[in-house]
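The values are calculated or read from the model by the stated rules, or taken from the named source; none is laboratory data. It should be emphasised that the depicted structure is a prediction, and the values quoted were computed from it without experimental measurement. No Cβ is skipped: glycine too gets one built from the backbone with ideal geometry, and neighbour counts run over all protein chains shown. The protein model used for the area step is the full one, side chains on, heavy atoms only, and it has no ligands, DNA or RNA in it. Shrake-Rupley method; radii C 1.70, N 1.55, O 1.52, S 1.80 Å.
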Amino acid sequence: MSKLAKKPLVIPNGVTVSINNGICVVSGKKASLNVKYNPDVVEIKSDGKSVNVVKKSESKEAVSCAGTIFRTIKTSITGVSSENGFVFNIDLKGVGYKAVVAGNLLTLTLGYSHNIIVEIPEGIKASVEKNTRLIISGHNKVKTMDFIRFLQKIRKKNVYKGAGMHLEGEFTLTKEVKKSKK
C-alpha cells in the first residue's frame, strides 16, 4: 500500500466530501467530481475535516486500490479547490501553425490542407494567446489530460524540425539530421 494512503487527507475550506455506496463526491465552489471505488475492497472514512482511505484486506487488489483511490481523491480535491482547476499551456511550433477558439469549437491549422475543427468537451475551457499558445484548463485532471493527448495525436511531433504541439514542461526528444559524407 502507498505510504501516503496511510495518512489522512486534509480537506481545505470550501470543499466538501460526501461518501455514498461506492461513490465519493468531492464538491467545491465551481465544480463537483465523482470518484468511484469498490466498497468491498476499500473503505473511505470522512469526518468533515479529513479523509482516510482504508484497505479492507491484505489482498493485492486492496493494496493497489488504496493508493490509487487516495491519489484520485487528492487530485479531485486539488482541482475543485483551485479557481481554474488544472491549467496546461501548449505551444504550437511549426510554420503556419495556429489555433482559434470560437464558442466551444477549437480550430487548428497544423500544416494540413484543411483546418481541423475539434469540439471542446464539457468541463474544459480553452483560450488562445498570440495564435500559437493554447491554454487548456479543467477541474478534472484526467479528462483535461485526455483532451490534450487527443489534440497532440492530431499532428505528431516532428523530432527533426521540432514542429508540433508541445506541452509546457514536457520533455521533447529532438534528433540531429544525418549529415552526408564528403
Q: Would you tally the net charge around ILE135, using a Cβ to Cβ cut-off of less than 9 Å, leaving ILE135 out, and scoring K and R as +1, D and E as -1?
A: +1
**Q.** Degrees, to the nearest 10: 141-154 long Cα axis against longest axis of the chain
**A.** 20 degrees
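Pairs to check: LYS7/LYS125; LYS74/LYS157; LYS6/LYS60; LYS60/LYS153; LYS6/LYS141; LYS98/LYS161. Give those whose C-alpha atoms are more than 25 Å from each other in this structure.
Numbers: LYS7/LYS125 33 Å; LYS74/LYS157 32 Å; LYS6/LYS60 16 Å; LYS60/LYS153 35 Å; LYS6/LYS141 23 Å; LYS98/LYS161 17 Å.
Too far apart for the 25 Å limit: LYS7/LYS125; LYS74/LYS157; LYS60/LYS153.
Might you tell me the accessible area per residue for the chain, computed with a 1.4 Å probe and given in Å²?
Details: 11630 Å² over 182 residues.
That works out to 64 Å² per residue.
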(Q) Can you compute log10 of I(q)/I(0) for the stretch 80-182 with the Debye formula, treating each Cα as one identical point scatterer, at q = 0.19 Å⁻¹? (A) -0.94
Q. Between SER82 and MET145, how many nm apart are label points set 7 Å from Cα along the C-beta direction?
A. 1.3 nm
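Under 25 °C and 0.890 mPa s, how fast does the chain diffuse according to Stokes-Einstein, given a Kirkwood radius computed over C-alpha pairs? Answer in µm²/s, whole number. Walk me through the numbers on the way to the answer.
Details: Rh = 18.9 Å.
My calculation gives 130 µm²/s for D.
What is the percent carbon and sulfur in the accessible area of the chain, measuring with a 1.4 Å probe over the protein chains and ignoring ligands?
Working: 5990 of 11630 Å².
Looking at the chain in its full context, I get 52 percent from C and S.
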Q: Return one number: the angle in degrees, 0 to 90 and rounded to the nearest 10, between the long axis of the Cα atoms of helix 60-81 and the longest principal axis of the Cα atoms of the chain.
A: 70 degrees
**Q.** Estimated translational D of the stretch 1-69 in µm²/s (Stokes, Kirkwood radius over Cα pairs; 25 °C; 0.890 mPa s)
**A.** 198 µm²/s
